[in-house]
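K.L.:
Input: one structure, supplied below.
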Amino acid sequence: MSMRVGTLKDRIEDSFARRDKKKAISFCRDGKVETRLSYGELNQDANRCAHTLQEMGVTQGDRVVLFVNKSLIFVVAHLALQKIGAVVVPLNPGFKASEMDYLLNDADPKLVVTDPAQKGMISKLAPRSRVLPVASQKPYQDLDFFRAAGAHAPEIDLQPDDPALIIYTSGTTGNPKGAVLTHRNLVHDAQNVIKIWEITATDVLCHALPLFHVHGLCFALHTALLAGSGVIMLDQFKPAVVVEVLARSNQKDACTVFMAVPAMYTKMMDTLGRQRLNFDHIRLWTSGSAPLLVKDLERIQSVFGKEPVEREGMSETGMNFSNPLKGRRKPGSIGLPLPGLEVRIVDPDTLTDVAPGRVGEIWLKSPAITPGYWRKPAATSETFKQGWFRTGDLGRVDEDGYYYLTDRIKHIIITGGENVSAQEVETVINRVDNVLESSVVGIPDEKWGEKVVAAVVAKPGSDLKPDVIKDFCKEHLHDWKCPKEIIFPENLPKNTMGKVLKEEVKKLFRRGY
């Protein structure tokens, strides 16, 4: 399939120029509209912010960390940075100092945009970086630091293969790796989503996802803005608020598209209980970032009136597979390859293709796939073989060409759509007094897909309690990384080389240790 690529900057400016007066984003707090921006206003503000950032010394190729709450200023800063060729590094605003220490040192940003309350922490952790404090929780109209700058577009010569974004993704080695995404990667990915899901300027997206992931930033926001759709952007995910916004059908900006992870659907359905509302005006419900159980798919169809479209993607690759918008959807399947995607299923030991229907590692080629990890040539070399991206996921393809994920080679825990590195959590637990060693795994959970649990070996004679470990984890890790259940076996199951057998650890929980 031949598609015009260009840069994300080009595509943004083209889309915005053609829809000057059209409503682009309505930003809501607790479901109430706080600010509305047309495409023309959004474009001018992004230009002004771009000039302001340039005056602060940000130049093409510089990394800029966005460590702010979901807000219009996040969106405007992100667009502004694309316009001047800087590389956006979005980070979860809930990260603690111990998590930010590594990320800031690894990214080595020229600038960190953050909430004023975090300025001291950032300045201490990244003394070489400039800090721009922005009160993102204030109304957008009160943030005027960029408004005196010119509204004309910056003149920057960008190429499709220039880096645009670094998304940090957890790895099996513990420390997160920064997947570098180019303008070509992002444009190809957005064009694919627009095409397969038929996103148009008549659509209105209910945006309830965070902006520091590819799901919320790329699949949702980039896609909507490049298609010229309207966006109802919620400041955070609150189940009751999202349900109320989605149920609004008698307004011009009634939502037509909703993207979510399975845990969000579960919370919304639990909030609704037996209440049934009319969602007939919503043409597309999608689910990704974690497996959707068949029984949950059926429940979503019953409650919201339509079967969700399941899809699969990664930080490094963009969206790879999707069940068809029109056509047969297979429960439990991640669907069909997107346009431009080549797929192999390979025996991870022999590196040869397996027979159709057999399980192997999924290898991919696509214009959306990262050229590599930021400052990690060894990890990049290990991930790419013979020009193919090794996903670390085991899967199979059926006789109709639909793909299924069966397991992961990489021991990454996916809980509520969030990736958690087991080793990162183990490193924190092992710092607790009287802990000898620990093993963190993910076990099936109906609400979260997987939940983080820990098997901890305590020092002999100690009286270590689960709450001590949980409290320590909450102090040093984001809540979704903290173990929900802790057991204390005498020893961890290991092989003859002393390697912890993760699958055996999981069995301890399945047996109700």
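Any read-out appearing in this document is the output of simple, stated calculations on the displayed coordinates, not a laboratory observation. Please read all numbers here as calculations on a predicted model, not as lab measurements. Cβ atoms come from the backbone with ideal geometry, glycine included; neighbour counts cover every protein chain shown.
K.L.:
Indicate, rounded to the nearest 5 percent, the antiparallel portion of the DSSP beta bridges found entirely in the range 242-362.
P.N.:
Within the range 242-362, antiparallel bridges account for around 60 percent of the total.
K.L.:
Hey, rough spin-label estimate for E198 and A378, points 7 angstrom out along Cα→Cβ, what's it come to in nanometres?
P.N.:
5.0 nm
K.L.:
Can you compute log10 of I(q)/I(0) for the range 42-120 with the Debye formula, treating each Cα as one identical point scatterer, at q = 0.17, 0.18, 0.20 Å⁻¹?
P.N.:
For the range 42-120 at q = 0.17, 0.18, 0.20 Å⁻¹, log10 I(q)/I(0) is -0.63, -0.70, -0.86.
K.L.:
While we're looking at this one, here's another question. What do you get for the angle between helix 97-107 and the principal long axis of the chain? Use alpha-carbon atoms, 0 to 90 degrees, nearest ten.
P.N.:
Roughly 60 degrees, rounded to the nearest 10.
K.L.:
A follow-up question, please. If one takes the longest principal axis of the Cα atoms in the chain, at what angle in degrees, from 0 to 90 and to the nearest 10, does the Cα axis of helix 8-17 lie?
P.N.:
Once rounded, one gets 40 degrees.
K.L.:
While we're here: Taking the Cα centroid of the range 18-36 and of the range 242-283, what is the distance between the two, rounded to the nearest whole Å?
P.N.:
19 Å
K.L.:
Going by C-beta contacts inside 10 Å, put T182, T352, T415, T370 in order with the fewest on the left.
P.N.:
By the 10 Å Cβ count, ascending, the order reads T352, T415, T182, T370.
K.L.:
When the chain is fully extended, how far beyond the present Cα-Cα distance does D157 get from T59, taking 0.36 nm per residue of separation?
P.N.:
34.1 nm
K.L.:
Take the Cα atoms of the range 397-454, build their convex hull, and give its volume per residue in Å³.
P.N.:
In the range 397-454, the Cα convex hull volume per residue is 99 Å³.
K.L.:
Have a look at the chain and give its Rg and Dmax from the Cα atoms, expressed in angstrom.
P.N.:
That works out to 22.8, 72 Å for Rg and Dmax.
K.L.:
With a sphere of radius 10 Å drawn around the Cβ of N47, what net charge do the other residues whose Cβ falls strictly inside it have (Lys, Arg +1; Asp, Glu -1)?
P.N.:
So the surrounding residues net to 0.
K.L.:
Compute log10 of I(q)/I(0) for the range 111-196 with the Debye formula, placing one identical point scatterer on every Cα and leaving out solvent, at q = 0.12, 0.15, 0.24 Å⁻¹, to two decimals.
P.N.:
Normalising to I(0) and taking log10 leaves -0.67, -1.01, -1.10.
K.L.:
With labels modelled as points extended 7 Å from the Cα through the Cβ direction, what inter-label distance (nm, one decimal) is found for K124 paired with N105?
P.N.:
1.5 nm
K.L.:
Give me the compactness ratio for the range 367-468, meaning the Cα radius of gyration over 2.2 N^0.38 Å.
P.N.:
1.43
K.L.:
Label K295 and K447 with points 7 Å out from Cα along Cα→Cβ: what is the distance between them in nm?
P.N.:
So the two model labels end up 1.6 nm from each other.
K.L.:
Using R₀ = 35 Å, calculate the FRET efficiency as 1/(1 + (r/R₀)^6) where r is the Cβ-Cβ separation of S302 and E399; round to 0.05. Each step should come with its number before you reach the end.
P.N.:
Working: r = 29 Å, r/R0 = 0.84.
For R0 = 35 Å, the calculated efficiency reads 0.75.
K.L.:
Based on the inverse mean of 1/r over its pairs of different Cα atoms, what is the Kirkwood hydrodynamic radius of the range 412-510, in Å? List each step's numbers first, then the result.
P.N.:
On the way: mean 1/r = 0.0738 Å⁻¹.
About 13.5 Å, per the Kirkwood formula over Cα pairs.
K.L.:
To continue, here is another question. So what is the 222 nm mean residue ellipticity for the chain from helices alone, if each DSSP H run of at least 4 adds -39500 (n - 2.57) and you divide by all residues, rounding to the nearest 500 deg cm²/dmol?
P.N.:
About -8000 deg cm²/dmol.
K.L.:
Follow-up. Provide the FRET efficiency to the nearest 0.05 for the L351-K494 pair, computing r from the beta carbons and using R0 = 22 Å.
P.N.:
Efficiency at R0 = 22 Å is approximately 0.20.
K.L.:
Sort the range 202-302 into rounded, prolate or oblate with this rule: let a ≥ b ≥ c be the square roots of the eigenvalues of the Cα gyration tensor; rounded if a/c is under 1.5, and if a/c is not under 1.5, prolate when a/b is larger than b/c, oblate otherwise. Before the final figure, lay out the partial values.
P.N.:
On the way: a/c = 1.69, a/b = 1.19, b/c = 1.42.
Cα axes put the range 202-302 in the oblate bin.
K.L.:
Would you mind ranking E361, E41 so that the residue whose beta carbon has the fewest other beta carbons within 10 Å leads the list?
P.N.:
Lowest to highest Cβ neighbour count: E41, E361.
K.L.:
Shape call for the range 51-174 from the C-alpha gyration tensor, a ≥ b ≥ c root eigenvalues: rounded (a/c under 1.5), prolate (a/b greater than b/c) or oblate?
P.N.:
Taking the square roots of the gyration eigenvalues as a ≥ b ≥ c, the range 51-174 is oblate.
K.L.:
Moving on to the next point. Report the calculated FRET efficiency for R18 and E342 (r = Cβ-Cβ distance, R0 = 25 Å), to the nearest 0.05. If you can, show how the numbers build up before the last one.
P.N.:
Values: r = 33 Å, r/R0 = 1.32.
With a Förster radius of 25 Å, E is 0.15.
K.L.:
How high is the relative contact order of the chain, in percent, counting Cα pairs under 8 Å that sit 6 or more residues apart?
P.N.:
Relative CO of the chain lands at 12 percent.
K.L.:
Okay, moving on. Fewest first, what order do E475, E490, E312 take by the number of other Cβ atoms within 10 Å?
P.N.:
In order of increasing Cβ crowding within 10 Å: E490, E475, E312.
K.L.:
Next question, about the same structure. Classify the range 104-145: rounded, prolate or oblate, from the alpha-carbon gyration tensor (a ≥ b ≥ c, eigenvalue square roots; a/c under 1.5 rounded; otherwise prolate if a/b is larger than b/c)?
P.N.:
Because a/c hits 1.5 or more and a/b exceeds b/c, the range 104-145 counts as prolate.
K.L.:
Tell me, which cysteines of the chain are without a disulfide-compatible partner by the Cβ under 4.7 Å rule?
P.N.:
Here C28, C49, C218 come out as lacking a disulfide-compatible partner, given the Cβ-Cβ threshold of under 4.7 Å.
K.L.:
Considering only the range 412-510, what is the antiparallel percent among its DSSP beta bridges, to the nearest 5?
P.N.:
Antiparallel bridges make up about 85 percent of those DSSP assigns within the range 412-510.
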